[in-house]
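Structure incoming, see below.
The values are calculated or read from the model by the stated rules, or taken from the named source; none is laboratory data. Quantities reported herein were computed from a predicted structural model and do not represent experimental measurements. Positions of Cβ are backbone-derived with ideal geometry, glycine not excepted, and every protein chain shown enters the neighbour counts. Calculation scope for accessible area: heavy atoms of the full protein, side chains included, ligands and nucleic acids excluded. Shrake-Rupley method; radii C 1.70, N 1.55, O 1.52, S 1.80 Å.
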Protein chains: 2
Amino acid sequence: MKVGIIGSGAVGSLFAAHLAGLDTVETWIYDVSQAHVDAINANGLRLTGVGEIHTFPRATTSPADLPDLDFGIVATKGMHTRPAMQATAAAFEGGAVCSVQNGIGNEEVIAEFVSAVIRGTTFPAGKLVEPGVVQWDTAGKTWIGPFEPRPAPMDVVEALASLLTSSGMETLALKDARGAQWTKLIFNAASNALCSLTRLPHGRAALDEHVRWVMDGVIEEGKAVAAALGIEMEKDPAVLLEESIEVALDHKPSMLQDVLAERSTEIDQLNGGIVGFGEANGIPTPLNRAAWALVKGLEASWKL
Amino acid sequence: MKVGIIGSGAVGSLFAAHLAGLDTVETWIYDVSQAHVDAINANGLRLTGVGEIHTFPRATTSPADLPDLDFGIVATKGMHTRPAMQATAAAFEGGAVCSVQNGIGNEEVIAEFVSAVIRGTTFPAGKLVEPGVVQWDTAGKTWIGPFEPRPAPMDVVEALASLLTSSGMETLALKDARGAQWTKLIFNAASNALCSLTRLPHGRAALDEHVRWVMDGVIEEGKAVAAALGIEMEKDPAVLLEESIEVALDHKPSMLQDVLAERSTEIDQLNGGIVGFGEANGIPTPLNRAAWALVKGLEASWKL
């Protein structure tokens, strides 16, 4: 069994390090960072934090090095999905490719390049601390299911879920994985975008009565779009938000970290995704559109 | 004739420097900055830029120094209106007090302290460059009229207008000055708040298709609230916005300057004011509320 991780930032590295611990799996990493790739090939990949793991996946910056792969796990930021798939699609002619990226719209791009696509949502998170070393901050489950327009067969989805679970990354195979994806999407649309605009950490933003009004509105709009799509939520994002306040009181969501470093954000895949599906289904989403627009404006300000 | 300028930042200094050039007027300044007051008393007040003016108003940080005044012109930032009026109201027992501040809600506060109130809106702008010296960036008219709940008589309003005009600050006396005030309010609600959140200068923000969508929405909501109040706009703020793009392409609105310096903003008097009047009149203002909430969140982030 051969598996390729496409994009080995924090999340991709969590998957790669776990899979490389299985004797039955040959784990490959494709990443554009030569320093990260060289470090992994020289010294292996290390996770520290929630668990200590040290394994030896093979890594490359050159797509031609990749063998034919049975599974792909795409973990790039949303704006890199297309170039990453353009580079690596040839390795997946006989395989199935699963997105574990934030937000929505990534599977649609993957499906332009491969015929068996898996929709995925993952909660584990961490941070790349140096080439070859990732701090693992959060454990959690992963949900996967066939991507409806170009689905991988259900037994293939189940095979990937059991492979990931046996590696230590608990993964559930679902016939409809949209509920998990939209639960996380809507939660992130409320947290990431509004923390980025106010520069407040997650819990502080949710405790601010002014900001909370916007968060609640973003969530209500997202739930209305999901309902119009016939999606049954895995969990109410409003409840998830309430439960997250204390544990993530001073946590800076990844998009806020991006904004503070003036890096491109995933706003198109978060609030922008809700706006797109809202428009297609006649559901108004003014607060998501405002959040999307303002973060796009912030990104534009860095180029002046 | 004795006139007191309450708050001598850029705008207050423009009025004070002009009035002090009239032989018939004794011009007083009340300001909390001892350095600015000392500089004015030692060397006079200088304007440079649109015009070169050097006059000698009297300045004080001590309200007890103020004589009985015929007119007051309040030019503090909105959040300082209340303490400024608490300090100086005794000087206006026989006089009329006019706000030339940004946004709405200031006259309501002034009316808690004095019985003859004038609603005002001014376009001239500048920047305090050092104590006693103001760079005068923009010329323009001032519109004043009786504040309806505690109005100064119309002949008093007209007397102030002709005094200001004769000093070189062209001022129009109107029976209903709300149209001018709401025109500037709505324009500022679109420009200041959204430039502050995106950190784009005025014209660049209006040319960004994403941000412009929010600006247009903020303006439409503001016009709906004004219509519900029976206010006839001086000019359509949407036209004002369009006309301002080229001339203010790289202009950083005052609120953006405040945000970059992490100073409290006038958001409560701008988008917050539109939200308040919208609520009181049953007009939904979700985009103004979001802009208000997010700037309040930004302000909160500086206190962490």
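Go through (1) in contact with a His (Cβ under 6 Å, 6 or more places away or on another chain); (2) under 18 Å from B:LEU294 (Cα atoms); (3) aliphatic (A, V, I, L, M) for B:VAL259 and report which single condition fails.
(1)
Considering only the stretch A:13-32, how many residues are of a type in the set (A, V, I, L, M, F, W, C) and assigned to a helix (DSSP H, G or I)? Let's see the steps before the verdict.
Our first condition is that a residue be of a type in the set (A, V, I, L, M, F, W, C); within the stretch A:13-32, this holds for A:14-17, A:19-20, A:22, A:25, A:28-29, A:32.
Filter once more, keeping what is assigned to a helix (DSSP H, G or I): A:14-17, A:19.
So the count comes out to 5.
Same structure, new question: Condition check: under 18 Å from A:GLN34 (Cβ atoms), at pLDDT 95 or above and touching a helix residue (DSSP H, G or I) at 6+ places or on another chain (Cβ under 6 Å). Does A:THR61 satisfy that? First the steps, then the outcome.
Numbers: under 18 Å from A:GLN34 (Cβ atoms): yes; at pLDDT 95 or above: yes; touching a helix residue (DSSP H, G or I) at 6+ places or on another chain (Cβ under 6 Å): yes.
It is true that A:THR61 is under 18 Å from A:GLN34 (Cβ atoms), at pLDDT 95 or above and touching a helix residue (DSSP H, G or I) at 6+ places or on another chain (Cβ under 6 Å).
Give the residue that is farthest from B:GLU130 (Cα to Cα), with candidates limited to residues of the stretch B:12-30 that are open to solvent by 20 Å² or more (accessible area, probe 1.4 Å) and out of contact with any strand residue (DSSP E or B) (no Cβ under 6 Å at 6 or more places or on another chain). Walk me through it before giving the result.
Step one: filter the stretch B:12-30 for residues open to solvent by 20 Å² or more (accessible area, probe 1.4 Å), giving B:20-24, B:26, B:28, B:30.
Those left that are additionally out of contact with any strand residue (DSSP E or B) (no Cβ under 6 Å at 6 or more places or on another chain): B:22-24.
Values: B:LEU22: 24, B:ASP23: 26, B:THR24: 28 Å.
Ranking the qualifying residues of the stretch B:12-30, first place goes to B:THR24.
Could you tell me which residue of the stretch B:33-65 is surrounded by the most Cβ atoms within 10 Å (Cβ to Cβ), considering only residues that are hydrophobic (A, V, I, L, M, F, W, C) and assigned to a strand (DSSP E or B)?
Among those that are hydrophobic (A, V, I, L, M, F, W, C) and assigned to a strand (DSSP E or B), it is B:LEU45.
Rundown of residues vs (1) modelled with pLDDT of 95 or more; (2) over 16 Å from the mean Cα position of the chain (by Cα); (3) farther than 30 Å from A:GLY21 by Cβ, yes/no style:
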residue: A:ALA159; (1), (2), (3): yes, yes, no
residue: A:GLY168; (1), (2), (3): yes, yes, no
residue: A:SER191; (1), (2), (3): yes, no, yes
residue: A:HIS202; (1), (2), (3): yes, yes, yes
residue: A:ALA206; (1), (2), (3): yes, yes, yes
residue: A:ARG212; (1), (2), (3): yes, yes, yes
residue: A:MET215; (1), (2), (3): yes, yes, yes
residue: A:VAL218; (1), (2), (3): yes, yes, yes
residue: A:LEU229; (1), (2), (3): yes, yes, yes
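On to the next question. With respect to B:VAL211, is the statement that it is assigned to a helix (DSSP H, G or I), touching a Ser or Thr at 6+ places or on another chain (Cβ under 9 Å) and without any contact (Cβ under 8 Å) to a residue 40 or more places away in the chain true? Give the derivation first.
Numbers: assigned to a helix (DSSP H, G or I): yes; touching a Ser or Thr at 6+ places or on another chain (Cβ under 9 Å): yes; without any contact (Cβ under 8 Å) to a residue 40 or more places away in the chain: yes.
Yes; evaluated as a whole, the condition is true for this residue.
Cβ-Cβ under 9 Å, sequence separation 6+ or interchain: first residue in the stretch B:97-124 and in contact (Cβ under 8 Å) with a residue 40 or more places away in the chain, partner in a loop (DSSP other than H, G, I, E, B) and of a type in the set (Ser, Thr, Tyr). Which pairs?
So the pair list comes out as B:GLN101/B:THR76; B:ASN106/B:THR76.
Which one is most open to solvent (accessible area, probe 1.4 Å), of the residues in the stretch B:112-151 that are farther than 18 Å from B:ALA17 by Cβ and hydroxyl-bearing (Ser, Thr, Tyr)?
B:SER115
Yes or no: A:VAL214 crowded, with 23+ Cβ neighbours inside 10 Å, β-branched (Val, Ile, Thr) and within 14 Å of chain B (Cβ to nearest Cβ)?
yes
Further, regarding this structure: Could you please find all residues in the stretch A:176-202 being away from every other protein chain (no Cβ under 11 Å) and touching a His at 6+ places or on another chain (Cβ under 7 Å)?
Matches in the stretch A:176-202: A:SER191, A:HIS202.
Okay, next question. Grab the helices (runs of 4 or more DSSP H) fully contained in the stretch B:234-304, keeping just those with 2 or more residues being within 14 Å of chain A (Cβ to nearest Cβ).
B:254-260, B:271-280, B:286-301
For the stretch B:152-179, what are the residues that are out of contact with any helix residue (DSSP H, G or I) (no Cβ under 9 Å at 6 or more places or on another chain), open to solvent by 20 Å² or more (accessible area, probe 1.4 Å) and assigned to a helix (DSSP H, G or I)?
B:MET154, B:ASP155, B:VAL156, B:GLU158, B:ALA159, B:SER162, B:THR165, B:SER166 - these are the residues of the stretch B:152-179 that are out of contact with any helix residue (DSSP H, G or I) (no Cβ under 9 Å at 6 or more places or on another chain), open to solvent by 20 Å² or more (accessible area, probe 1.4 Å) and assigned to a helix (DSSP H, G or I).
Please go through (1) within 23 Å of A:THR122 (Cβ to Cβ); (2) away from chain B (no Cβ under 11 Å); (3) open to solvent by 30 Å² or more (accessible area, probe 1.4 Å) for A:ALA228 and return the number of the only condition it doesn't satisfy.
(1)
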